[in-house]
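Input: a single structure, listed below in C-alpha cells.
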Amino acid sequence: MNATQRGAIGCLGLILFLVACAAITFGVLPSLNTAVAIPVIMVPGEPYDPTLPAESFRWTNTLTATVTASIFVLLFAFFAWRSSNGWKREVPSRFQSWVELLGGFIYDFSKGMAGARARWVFPLVATIFVFLLATNWMKLLPGIESVGVMHCAEEGLSGYPAVRAGGAFQLYVDRPLYAGETATHESYEACKSFFHHGDVHAPEQAALTEAADRLFDEEAELRATLEEEGVDAATIDAEVNTLRLEVTESVYHEATLALSADQLREGAFPYIFIVTPFYRGASTDLNLTIGLALISVFAIQFFGVKAQGLNYFQKFVNLRALGNAGKKPLGVIDFGVGLIEIISEIGKIISLAFRLFGNMFAGGILLIVMSFLVAAIVPMVFYGLEIIITTIQALVFAVLTLVFVSQAMEGHHGDEEHHEEHSDQHA
C-alpha cells in the first residue's frame, strides 16, 4: 500500500468520523430531547437566586469557583509541605519532585528577571501562577458551566421548556441548533408562579396523555382543513400554534409556550427556563481579573519602595529633575514624563485585567459554540487547545507581574542623578 492509498484511507476515516459526530449532534441527541442548549452568556458572575435585589449581596457561581480554586491552592501547598516533611526530606517523593520542578522553574525565571531580589517576588509570582492555573483548568472539568440551578428565565434572556429527569430537572431541547425562546416579564411571572408551587400545579400524567391525544387529533384535522382551503404555510403554522397554546393552557395554568402533543405526553413544562451553573470559570469574571491586577500593581509599588525607599516616587513626580532645571533645562521633560508614568501605572491595571479576562471569556465562548454546533467528540480538540491557552495566560499574568516588579525595583536614572547630586555637594 503506497502513501496515496494510506492517505485516502485516513481521509475516508476522518470523513466517517465527522459524519458520526454530526449524526449524534443532529439526530441522536434531539431524538432524546437532549440537544445542546445554548447557554446564557453573561459577563458578570451569575447569582444563584436572581430574585434577590441587585443592591443586596448575591453569591455568584464565579465567587464559588474562586473560593474553590483558593482551597485547591491551599491543599496543594499543604500536601507539598507534608510530602516533603517540611522540605527536609533529602530523597523526594514523586509528588515532591513535581512540586520542586514547578517551583524551580518559577524561581529560576524570577532570578533571571529580578536577580538577587528574586526571593522577594518569588512567593507572589508563584502564588499568582498556581492560583490562575487552578481557576483556568477548573472550568474545563466535566459539569462545570453545564450543571447548576434551574430557574425561570428573566426578561430578555432565552431559554427552553424543562422536564423532570428522575429527581432533578433538565432542559427539554428537541431540535438541533435551537436558540430557545426569549422570555418576557409576563412569561417570567407565570413561570415563577408555577415553579414556586412545583408539584402542586403540575398536572397528572393521565391528564397530560389525554390532552396530548386530543391535540394530536385536532391538529391533524385543522391542518387538513386549512390545506384544503389553500391557506399558506405561515398561516397554518400560526393557527396550529394557537391551538397548541389553548390545549396547553387547559392543563397548565398561565402556560407561556405552546407545546406539541409529544411534548405534552413527555411532561415538558411550558415555561421558559435557564440553568445557572454551580461553577463558572472564575477568570471569566472581570471582578476577579481586576482584583488580581490591583494586587499586582500594589505589589509593584510595594517592592519599588522596598528596593529604593521614598526615592521610588521620583519616577512619578521627579522633583530632582525639576529642581535641576536651571542647569539642565531638559529636566522639565523628565518631570513631564514622570507624570505620564502615573497614567502608565494605571494602564497596567487595565492591561493585566482585560488581557486575562478577554482570553478566558473568549475561550469559554469558543467551547460553547463548538458544543452547540457539534456536541460530540470534536469539541475535545478545542479542550486540548484551551489547556494550552489557559496555562499560557496564567504564565503571562505571573511573568508580567514579575517584569513590572523588577522594573520598579530598578532605579529611575539613578546612577546619573546620584552622580549629579554628588557633584553639586562638592561644588
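The values are calculated or read from the model by the stated rules, or taken from the named source; none is laboratory data. Since this is a predicted model, take the numbers as computed values, not measurements. For neighbour counting, all protein chains shown are included, and Cβ atoms are generated from backbone atoms with ideal geometry for every residue, glycine included.
Cβ-Cβ distance below 7 Å, separation of 6 or more or different chains: which pairs start in the range 74-95 with a residue that is more than 22 Å from THR135 (Cβ to Cβ) and end on one that is among the acidic types (Asp, Glu) and surrounded by 11 or more Cβ atoms within 10 Å (Cβ to Cβ)?
Close Cβ pairs satisfying both conditions: PRO92/GLU100.
Which one is surrounded by the most Cβ atoms within 10 Å (Cβ to Cβ), of the residues in the range 51-69 that are small (Gly, Ala, Ser) and under 21 Å from THR135 (Cβ atoms)?
Residues of the range 51-69 that are small (Gly, Ala, Ser), as a first pass: 54, 56, 65, 69.
Adding the requirement that they be under 21 Å from THR135 (Cβ atoms) leaves 65, 69.
Working: ALA65: 27, ALA69: 25.
The qualifying residue surrounded by the most Cβ atoms within 10 Å (Cβ to Cβ) is ALA65.
Restricting the search to the range 220-271, which residues are without any contact (Cβ under 8 Å) to a residue 60 or more places away in the chain and either polar (S, T, N, Q) or not assigned by TED's automatic domain parsing to the domain that holds ALA162 (or both)?
THR225, THR235, ASN241, THR242, THR248, SER250, SER260
Filter the range 39-50 for residues that are closer than 23 Å to LEU366 by Cβ and either surrounded by fewer than 19 Cβ atoms within 10 Å (Cβ to Cβ) or among the aromatic types (Phe, Trp, Tyr) (or both) and give the result. Let's see the steps before the verdict.
Of all residues in the range 39-50, those closer than 23 Å to LEU366 by Cβ come to 39-46.
Matches in the range 39-50: VAL40, ILE41, MET42, VAL43, PRO44.
Does GLU186 meet the test of being modelled with pLDDT of 90 or more and loosely packed, with under 12 Cβ neighbours inside 10 Å? Explain how you work it out, then say what you get.
Numbers: modelled with pLDDT of 90 or more: yes; loosely packed, with under 12 Cβ neighbours inside 10 Å: yes.
The answer is yes for GLU186.
For the range 227-269, give me the residue count where each residue is in contact with a strand residue (DSSP E or B) (Cβ under 6 Å, 6 or more places away or on another chain) and not β-branched (Val, Ile, Thr).
Residues of the range 227-269 in contact with a strand residue (DSSP E or B) (Cβ under 6 Å, 6 or more places away or on another chain): 248, 252, 255-257, 259, 267-269.
Narrowing the set further to residues that are not β-branched (Val, Ile, Thr) leaves 252, 255, 257, 259, 267-269.
Qualifying residue count for the region: 7.
Answer yes or no: is there a residue in the range 283-296 that is surrounded by 15 or more Cβ atoms within 10 Å (Cβ to Cβ), charged (D, E, K, R) and assigned by TED's automatic domain parsing to the domain that holds LEU367.
Yes, some residue in the range 283-296 is surrounded by 15 or more Cβ atoms within 10 Å (Cβ to Cβ), charged (D, E, K, R) and assigned by TED's automatic domain parsing to the domain that holds LEU367.
Being within 23 Å of LEU32 (Cβ to Cβ) and in contact with a Ser or Thr (Cβ under 7 Å, 6 or more places away or on another chain): is that true of ALA168 here?
Details: within 23 Å of LEU32 (Cβ to Cβ): yes; in contact with a Ser or Thr (Cβ under 7 Å, 6 or more places away or on another chain): no.
No; evaluated as a whole, the condition is false for this residue.
If you check PHE95, PHE79, PHE72, which single one turns out to be surrounded by 15 or more Cβ atoms within 10 Å (Cβ to Cβ) and not assigned by TED's automatic domain parsing to the domain that holds CYS152?
Details: PHE95 fails: surrounded by 15 or more Cβ atoms within 10 Å (Cβ to Cβ); PHE79 fails: surrounded by 15 or more Cβ atoms within 10 Å (Cβ to Cβ).
Just a single option satisfies the conditions, and that option is PHE72.
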